[in-house]
Amino acid sequence: MSTGGKVRKSVSGKWEVGSGIGRAISLLSKFCFAATFYFLLSTSCLHSDDKIISLTFHDGPNPKSTPQLLKILDDANIKATFFVVGKMAEKYPELLREIHKRGHQIANHTYNHKNLTTLSTTEVISELSRTRLLIKEITDVDTYLFTPPGGHYNSQVIKEASSCGYKMALWSVFPEDHRNTSPVIYEKVVSNSRDGSVVLLHNGPPDTIDALPKIIEKLKARGFKFTTLSELLKQGKGKHIVYPRD
């Protein structure tokens, strides 16, 4: 799909902005630095009176695994949150639209999936802004949640994301599904899930696809209800980790 313009890095290391989406990124970057009244909420485990859990899927959309994930979630009648990578959304816009159409939440996982702590301020802003604008263009959804690739962040990343009005969502259950087998993924999720847990899974590994129906069935049998991360935040009670702190 055409984005109407280009953003490229010159020999001097500065970003050059073309037309269309490039100008939009430039304007949004200026807005990000100005909008300092927002706070960044880092969510790991939210305590709730109900047995509520949120499944999050990182790194898609993926032409092979995303349709499979959507079918599993549809069959179970549950909603999840998809943290999408901008370059993948740009490559597979129809899959992003389908995620949105099915009623799932879409959130930002940066454009290139780079370690944000190694990037300049301008680059971090661009990573978030490009993906935000692509999601908006494709689905008409304006995102406000992001998660840093690999969980890598520091005070500067927090400051830059916060200035853009983003809330950083982490996780409390991670079965390392990018390298574990289906039985291990199942056991780690089922054993460690609690009320208000945020589960990190990936949009891609076959073992994740294999384990997911069993995970959902077991947690439902234990009385868990599934919801999007946004809804979990609304219902969450107890200790929240907020950056920057007052």
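The values are calculated or read from the model by the stated rules, or taken from the named source; none is laboratory data. Keep in mind that this is a model prediction, so the values were computed, not measured. Here Cβ is always computed from backbone atoms with ideal geometry, including for glycine, and neighbour counts include all displayed protein chains.
The figures follow:
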| read-out | value |
| --- | --- |
| Of all residues in the range 57-78 being under 14 Å from the mean Cα position of the chain (by Cα) and either within 14 Å of HIS100 (Cα to Cα) or at pLDDT below 95 (or both), the one that is surrounded by the most Cβ atoms within 10 Å (Cβ to Cβ) | PHE57 |
| Which listed residue, of VAL124, VAL173, is buried (at least 21 other Cβ atoms within 10 Å of the Cβ), more than 19 Å from VAL84 (Cβ to Cβ), in contact with a helix residue (DSSP H, G or I) (Cβ under 9 Å, 6 or more places away or on another chain) and of a type in the set (A, V, I, L, M, F, W, C) | VAL173 |
| Identity of the residue in the range 79-98, under 23 Å from LEU219 (Cβ atoms) and aromatic (Phe, Trp, Tyr), that ends up surrounded by the most Cβ atoms within 10 Å (Cβ to Cβ) | PHE82 |
| Residue match in the range 37-55 (condition: assigned to a loop (DSSP other than H, G, I, E, B) and at pLDDT 95 or above) | no |
| Test: residue in the range 99-109 that is surrounded by fewer than 23 Cβ atoms within 10 Å (Cβ to Cβ), part of a helix (DSSP H, G or I) and touching a residue at least 12 places away in the same chain (Cβ under 8 Å) | yes |
| Number of the condition not met by PRO149 [criteria: (1) modelled with pLDDT of 95 or more; (2) more than 12 Å from the chain's Cα centre (by Cα)] | (2) |
| Residue among LEU201, LEU233 that alone is within 28 Å of ILE125 (Cα to Cα), touching a Ser or Thr at 6+ places or on another chain (Cβ under 6 Å) and in contact (Cβ under 8 Å) with a residue 60 or more places away in the chain | LEU201 |
| Among the residues listed as SER126, SER172, SER163, SER120, the single one being modelled with pLDDT under 95 and more than 20 Å from ASN203 (Cβ to Cβ) | SER163 |
| Count of residues meeting criterion [closer than 9 Å to PRO175 by Cβ and either small (Gly, Ala, Ser) or assigned to a helix (DSSP H, G or I) (or both)] in the range 187-214 | 6 |
| Residues located in the range 142-172, provided they are in a loop (DSSP other than H, G, I, E, B), hydrophobic (A, V, I, L, M, F, W, C) and closer than 12 Å to VAL124 by Cβ | CYS164 |
| Matching residues, the range 145-182, being on the phi > 0 side of the Ramachandran plot and in contact (Cβ under 8 Å) with a residue 40 or more places away in the chain | GLY165 |
| Candidates ASP207, ASP195, filtered to the one that is of a type in the set (Asp, Glu), buried (at least 17 other Cβ atoms within 10 Å of the Cβ) and touching a helix residue (DSSP H, G or I) at 6+ places or on another chain (Cβ under 6 Å) | ASP207 |
| Of the criteria (1) modelled with pLDDT of 95 or more; (2) crowded, with 23+ Cβ neighbours inside 10 Å, which one ASN112 fails | (2) |
